[in-house]
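Only one structure is covered here, and it is reproduced in the block below.
The values are calculated or read from the model by the stated rules, or taken from the named source; none is laboratory data. What you see is a predicted model; the values in this text were computed from it and never measured. As a convention, Cβ positions derive from the backbone with ideal geometry for all residues, glycine included, and neighbour counts pool all protein chains shown.
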Amino acid sequence: MQAIQQIPGIGDLTASALVAAVGNFSTFKSARQFASWVGFTPRQVGTGGKTQQLGISKRGDTYLRTLLIAGARAVIARAERSGWITRLLDRRHYNVAVVALANKIARTAWTVLAKGAAFDQVKWHPLEQAST
């Protein structure tokens, strides 16, 4: 739990819920598969060889998804915004940006817990560190 609490948007409650709900994060092959399990990947509808990507699937654990979205909303509203979040808010609606950040938080949590790597702030905001 302490390893993922370093990630912005993850506190005590979200960290304990993630660890309790998933247990072994290495059961997922990739961070995208974990994000899909939580319900953050786009829903796809297709017919006649054409595929449409709609909103998030919402097929995963509702409680985890709610906690991650609340954490992402708090990061956007209260923390210092990174260039990535600012550019995303310029292009997309506020709620779409919140879900995109929640997806990023979920994928980062999977990487920290499945691979055993420590959270790296430089990899979280690569452009900010390169420009300074």
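Things to note:
- Being among the basic types (Lys, Arg) and surrounded by 13 or more Cβ atoms within 10 Å (Cβ to Cβ) is a property that holds for ARG73.
- Pairs where the first residue, in segment 99-114, is without any contact (Cβ under 8 Å) to a residue 12 or more places away in the chain and the second is surrounded by 23 or more Cβ atoms within 10 Å (Cβ to Cβ) and assigned to a helix (DSSP H, G or I), C-beta under 6 Å, 6+ apart: none
- Subset of segment 42-62 that is of a type in the set (S, T, N, Q) and modelled with pLDDT of 75 or more - its residue that is nearest to the chain's Cα centre (by Cα): THR62
- Condition check for ALA97 on (1) surrounded by fewer than 11 Cβ atoms within 10 Å (Cβ to Cβ); (2) over 23 Å from MET1 (Cα atoms): one failure, at (1).
The rows are residues; the columns are (1) in contact with a helix residue (DSSP H, G or I) (Cβ under 7 Å, 6 or more places away or on another chain); (2) assigned to a loop (DSSP other than H, G, I, E, B).
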site: GLY9; (1), (2): yes, yes
site: ALA20; (1), (2): no, no
site: PHE34; (1), (2): yes, no
site: PHE40; (1), (2): yes, yes
site: VAL45; (1), (2): no, no
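- Residue list for segment 1-29, restricted to those being without any contact (Cβ under 8 Å) to a residue 60 or more places away in the chain and either surrounded by fewer than 18 Cβ atoms within 10 Å (Cβ to Cβ) or touching a Pro at 6+ places or on another chain (Cβ under 8 Å) (or both): MET1, GLN2, GLN5, ASP12, LEU13, SER16, ALA20, ALA21, GLY23, ASN24, THR27, LYS29
- Every pair of residues 6+ apart whose Cβ atoms lie under 6 Å, when the first sits in segment 68-96 and is in contact (Cβ under 8 Å) with a residue 40 or more places away in the chain while the second is hydrophobic (A, V, I, L, M, F, W, C) and loosely packed, with under 14 Cβ neighbours inside 10 Å: GLY83/LEU127
- In the condition set (1) over 18 Å from ALA35 (Cα atoms); (2) not in a helix (DSSP H, G or I), LEU89 is compliant with all but (2).
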